[in-house]
Amino acid sequence: DVLGVRFSGAYTTRDGFIDSLSGPSSNDSNDRDRYLIRGQALLDLDRLGTIRLIGDYSEANEQCCFAVFFSETATAGAFGPAGLDPTGGAPFQEPDARNDLQSNSDNFFNPFQQWGISGEYNVSLGDFADLTYIGAFRDFEDETFRNTDFVGLNIFTVGASPEAMALPGMPFDPNNNSSSIETQTHEIRLNGSLFEDRIDWLLGFYYSDESIDAAGSLTLLDEFQAGVSAATFGSPVNLLNAFSQGIDATGDFALNSFQQEAESFSVFTHNVFAVTDKLDLTVGLRYVDEEKDGTFTQTAGVHDACLGTLGNAANIDAAFVGAAVALNCFVFTAPTLTRLAQIAPGQEMNPLALGLLPQEFDDVFEDDELVYTLKASYAFSPDVTVFGGFTHGFKSGGFNLDASAAVAGADPRFDSEEVDAWEFGVKSTLFDGRARANLTVFHQDISDFQVLEFTGVQFQTFNVDQAFATGFEIETLAQITDTITANVDLTYSNARYPNDCATQDATDPEFNLNAANLCGGDLTNAPEFVGVFGLTYERPVFDGRFNVFGNANVRFETERRTSTQPSVLDLADDTPLPGDIQDENAKLNLRAGFGSSNGLWQIELWARNITDQITRNVAFNIPLRGSARGQFLQEPRTFGVTVRTRF
């Protein structure tokens, strides 16, 4: 009567579905191998309230994210004459590579673990109000190491991969490419009712503290200079080696350290006014204050080829000197200006170094915002309700924690995103409760839209001044018979960047080429239409002791963009890059199961994407390889079994 406990756990394993033919034959990617355990305790203190404690731990050790080569650079013919694999390490390309799920990638591990605890206290303060306090702490840690630039050449390696650790004198361990995130949150709320439940009111306060501590390492390998010379210059001569005065870049590396300390607090209220028995008005306000401190420092490195190129810059043809420095001083292995001043005094004032090398930073991001919502709903009858409302929302900005964020004095911060959203609709119950139909129309006007871009090496966030999303959603559910239920859902969304979504003036300090190129296009992975149709069969058997069920559903989507680089890098050319458009497609999923009627156990057999539609999720530029493109694929046909038990 006083104490209750609950324990749960889950284990998931799945084969990978992308094969690497560049590395060991057993290599495959996108597998699953993870588990979770969770425990809870609920203590009832009678009039003193209730306390609920929750703790969880999860871990994963998987091979991640092999990419499929989509299109090659126009200079591919230079690989053979440069003494490299004539295919440039990328023999598997569209369409065969995509259809056969073959990759040129090799070794991409991203193990992680996390744990957390939380506590919730609830107590009644009599007729006045109820008090709730929730406090939580979470710790997340991961590592990343991969020896691939998504092709089979030895171009670079990220983290403590075997190739990096085999180089003499390299101070690598798994912590050289890891991140740790610790977060604590506290929330306290008072809620109650007034005037015979005519007003439901809530007041609250929220505080969070987050610490990010990340390390990034990247090492150049023995085919870096030759491979990049062939791919970018189309030259069979190892120009990068020549530019660096014959200094081999193999083993050049940087260890970079990033931190962010973030504090956020908010006060909020949420109130529902029953104006009449049929008309409800909802008013919510939230004041948010954000502060983040971000830092980047370089802790170690070897930069011989970069130093050689800077020292030789006066002897390099003016047409090549910028590219020569940018490539031999690849931003993720280059010395920062601070470190350059220590190891090559005077070079930190070199204009090429000032314009191309990473710059350390220690900066502050601050912002605050009043978030609010106003909604109304009117019940014409118990079965039909119409509603509408407006919400002003906010998503905090922050820092790009990577070595390229402040090159040439750029601001490593990105701005907060704001949205003004209108929503109107109707909810209805039909045929004596055997069917439900809901319709919602919406429009969102987004300012400083935050775009997350994968560059082939890292993720970066930048802002686009404006974006819109306009559309409608239809949701229907019907009980066809006592054992068969059908659902049909349809969403139309015109999610787009207006033609003037960002400045087109390259001399403007706010100019961002990627943002400017997005103007006039669709948002990434935002199809115009998405539809889902499903049928579910369920009935008791064997005198009600067991249940059997089956479900079939089809998801359809129209074409969508898959890249944040949706056009050739030319503001006058809106031609999509290769692989940017994923064609319309439909995927069929099936599930069947058998279990006890009391829910103590259940076995499910399932299959997803029965017709094996191979679709892409993200398309991106292969780093250091001219105009080559890669793609990450969504799951092909997968099938398996799920077992659940309760005791």
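Worth a mention:
- Length gained on full extension, THR483 to THR503, computed as 0.36 nm times the residue gap minus the Cα-Cα distance: 1.4 nm.
- The magnitude of the dipole of the chain, with charges of +1 and -1 set on the Cβ of Lys/Arg and Asp/Glu and taken from the Cα centre, is near 2080 debye.
- For region 520-566, the relative contact order works out to 50 percent when only alpha carbon pairs closer than 8 Å and six or more residues apart are counted.
- The calculated FRET efficiency for the pair ILE343 and VAL364, based on their C-beta separation and a Förster distance of 35 Å, comes to about 0.75.
- Ordering of 538-545, 626-633 by packing [mean C-beta count within 10 Å, highest first]: 626-633, 538-545
- Positive-end ranking of SER105, ASN553, ILE614 along the dipole of the chain, with charges on Cβ about the Cα centre, is headed by ASN553.
- Compared with the alpha-carbon gap, the fully stretched path from LYS395 to ASP277 is longer by 38.9 nm at 0.36 nm per residue.
- Integer Hz, Karplus 6.51/-1.76/1.60 couplings in order for region 35-46, x for Gly and Pro: 9, 9, 10, 8, x, 9, 9, 10, 10, 9, 9, 6
- Calculated accessible area for the chain comes out at 49 Å² per residue, all protein chains present (probe 1.4 Å; ligands, DNA, RNA ignored).
- Distance (nanometres) between label positions extended 7 Å along Cα→Cβ at THR12 and GLN613: 2.1 nm
- Per-residue ellipticity at 222 nm from helix content only, as computed over the chain with -39500 (n - 2.57) for each DSSP H run of at least four residues, stands at -2000 deg cm²/dmol.
- Of MET349, MET170, MET165, the residue with the largest accessible area leads and the full order is MET349, MET165, MET170 (1.4 Å probe).
- In a fully extended conformation the segment linking ILE603 and GLU261 would gain 118.6 nm over its present Cα-Cα distance, using 0.36 nm per residue.
- From the alpha carbon centroid of region 508-565 to that of region 25-101 is 20 Å.
- Look at where the Cα atoms of region 442-465 and of region 394-438 average out, and the two centres are 10 Å apart.
- The protection proxy used here, the mean number of other Cβ atoms lying within 10 Å of each residue, ranks peptides 427-434, 134-141, 13-20, 149-156 as follows, highest first: 149-156, 13-20, 134-141, 427-434.
- Inter-part distance, region 298-313 to region 316-344, computed on C-alpha centroids, equals 6 Å.
- Sequence-separation-based contact order of region 203-253, relative, with Cα cut under 8 Å and 6+ spacing, percent: 40 percent
- With Cα atoms, 0 to 90° folded angle of helix 318-328 axis to the chain main axis: 60 degrees
- Measuring only protein heavy atoms, the 1.4 Å probe finds THR391 accessible over about 40 Å².
- Percent accessible area from carbon and sulfur atoms, the chain, protein chains only, probe 1.4 Å: 55 percent
- Pair THR297, LEU42: separation of 7 Å Cα→Cβ label points (nm): 4.9 nm
- When the surface is traced with a 1.4 Å probe over the full set of protein chains, PHE594 keeps roughly 70 Å² accessible.
- In percent, rounded to a whole number, the relative contact order of the chain is 8, using alpha-carbon pairs under 8 Å and six or more apart.
- For region 7-114, size of Cβ-based charge dipole, Lys and Arg +1, Asp and Glu -1, in debye: 540 debye
- Projected label distance in nm at LEU588 and GLU210, using a 7 Å step from Cα toward the beta-carbon: 4.2 nm
The values are calculated or read from the model by the stated rules, or taken from the named source; none is laboratory data. Quick caveat: nothing in here was measured; it's all calculated off a predicted structure. Neighbour counts run over all protein chains shown; Cβ positions are idealised from the backbone, glycine included. The accessibility values were calculated without ligands, DNA or RNA, using every heavy atom of the protein model including side chains. Shrake-Rupley method; radii C 1.70, N 1.55, O 1.52, S 1.80 Å.
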